Every structure is written in structure tokens, then in C-alpha cells.
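The values are calculated or read from the model by the stated rules, or taken from the named source; none is laboratory data. A quick note: this is a predicted structure, and the numbers were derived from the prediction, not measured. So basically every Cβ, Gly included, is an ideal-geometry build from the backbone, and we count neighbours across all protein chains shown.
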Amino acid sequence: MILIQKYSENDNSMEKNSDKLYYSIGEVAKMFKVNTSLIRFWEKEFDIIKPQKNKKGNRFFTQKDVDNFHIIYNLVKEQGYTLQGAKEKLSLSGNESEKNIEIIKRLKKVRNFLMELRETLN
């Protein structure tokens, strides 16, 4: 029973983060541990990223944009695709990539939970 409650608590804390409507470019860069210049570059390269901009030109990314960054990050940084290869992959199987990213996110949550559990048991 304790394990289920602890997992639920962790899961809810992640959901609270996703309730946010907009993320600044700095917040997005921090999520992926990359420079803001890379976020701006990917925004120019991939047309699936469409941030809102205020009068000053500051970018504000939606949760959908962040999800798309997860897909791009996975393809380019984790799977080793070139930018052109990632663009082609997204155009051919965008929906498949989204499902894979969702699976990866869930697996990472489970992994974090199991690592926390191991720490508490030691």
C-alpha cells in the first residue's frame, strides 16, 4: 500500500508541472539540459515547434511544443539521427514517434520510482 501511495505522489508532482500553460525558453532548455540557443535552432529547423511570442519577442512554449521537443531530442540526441533524418522520420511516422516518447516518459518515471525505492530499502 505504501508503494502505491509513494508512486502516486511522484506521478502527481509530474502532472502538476504539465498543468502549466506556457514555458519560457529557459525552462524548456533546463528540462532537456541544453542551451537556449539549441532550442531556438530547433524551433527554426522543425516546423512542428510553434511558440507564442509576446511584443518583446520572448518565446512561450506550450505543453505540445515541449512534447515535440521530447520527440526531437529523442531522435537527435538519443537515437543519433541527423537533423534531416529526424525531419524525415517525423514526416513519415509522427504519430509513432509520439507514442514512443510517451512510453519512454513512463519508463523513466518507473525507473526513478524504483531507484528511490532501492534507496529507501538500503
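The test for being more than 14 Å from the chain's Cα centre (by Cα) and on the phi > 0 side of the Ramachandran plot holds for G80. Within segment 57-110, being in a helix (DSSP H, G or I) and of a type in the set (S, T, Y) holds for Y73, S91, S93, S97. For segment 17-26, filtering for residues that are assigned to a helix (DSSP H, G or I) and exposed (fewer than 15 other Cβ atoms within 10 Å of the Cβ) leaves 3.
Listed by first and then second residue, the pairs with beta-carbon distance under 7 Å, at least 6 apart or on different chains, first residue in segment 50-72 and buried (at least 17 other Cβ atoms within 10 Å of the Cβ) and among the charged types (D, E, K, R), second assigned to a helix (DSSP H, G or I) and modelled with pLDDT of 90 or more, are R59/I25. Residue selection: I39 fails the criterion of being at pLDDT below 90, part of a helix (DSSP H, G or I) and not aromatic (F, W, Y). Scanning segment 45-55 turns up one or more residues that are at pLDDT 90 or above and in a helix (DSSP H, G or I).
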